[in-house]
Amino acid sequence: MYKRFFKRILDFLASLLALLLLSPVIIILIILLMFANNGKPFFFQKRPGKDEKLFNIIKFKTMKDPKDKDGELLDQAQRITKVGGFVRKTSLDELLQLINVLKGDMSIVGPRPLLIQYLPLYNKEQARRHLVKPGITGWAQVNGRNNLSHEDKFALDVWYVDHLSFSTDLKILLKTIQKVFNRKDISSIEQDSFIPWEGNT
């Protein structure tokens with residue numbers, strides 16, 4: 001009952017309330033990032049959601065787009081701005097995903113939505129992470145996050161799929177709050193985006 005009905009209701013109410021309460025912070029970040037990123041405070045990207053259905057994830061844009069002499073974007077670590085570094089370090093870049101939760105693309109808690117190019121690389125077991133909606137935070141994020149290999153993260157994602165419940169979600173939320181305040185397992189550069197995965201070895 002929780003998985004099929006109450007989780008969506010709680011997601012909707014929690015994301016709506018959070019967006020209202022955090023609107024002053026969001027407005028300030030939009031202004032700061034507009035100056036830092038040449039008037040472009042938002043980042044949009046297609047990501048696979050539940051049942052691998054694609055949706056547009058929205059995040060704060062934390063990097064500029066300088067290119068080298070060959071027209072290729074510079075290394076991502078070189079492109080991140082000072083404001084962007086702070087936003088990533090404090091996990092504030094995830095705030096706008098509350099809009100994705102409000103729309104129903106995501107949940108507050110679930111496996112992180114990763115890149116489209118990973119879809120054909122998952123084995124059958126790893127692909128089960130897409131049986132539920134992706135989340136802003138998840139079981140892998142509170143159990144190592146940047147210290148885990150991709151394969152270990154996928155295993156934790158599948159564990160969440162098999163143990164999804166109100167108590168599990170509550171436990172993850174409480175651990176997330178603790179880690180954000182302790183800044184534990186949080187990097188100014190998100191590993192999920194910066195270290196590519198080339199498949200199972």
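Glu151 satisfies every condition listed in (1) among the charged types (D, E, K, R); (2) touching a strand residue (DSSP E or B) at 6+ places or on another chain (Cβ under 9 Å); (3) at pLDDT below 95 except (2). When restricted to residues that are assigned to a helix (DSSP H, G or I), under 27 Å from Phe86 (Cα atoms) and in contact with a Leu (Cβ under 8 Å, 6 or more places away or on another chain), the stretch 12-45 contains 8.
The values are calculated or read from the model by the stated rules, or taken from the named source; none is laboratory data. Just so it is clear, the model here is predicted, and its values are computed rather than measured. Every residue, glycine as well, gets a Cβ built from its backbone with ideal geometry; the counts of neighbours run over all protein chains shown.
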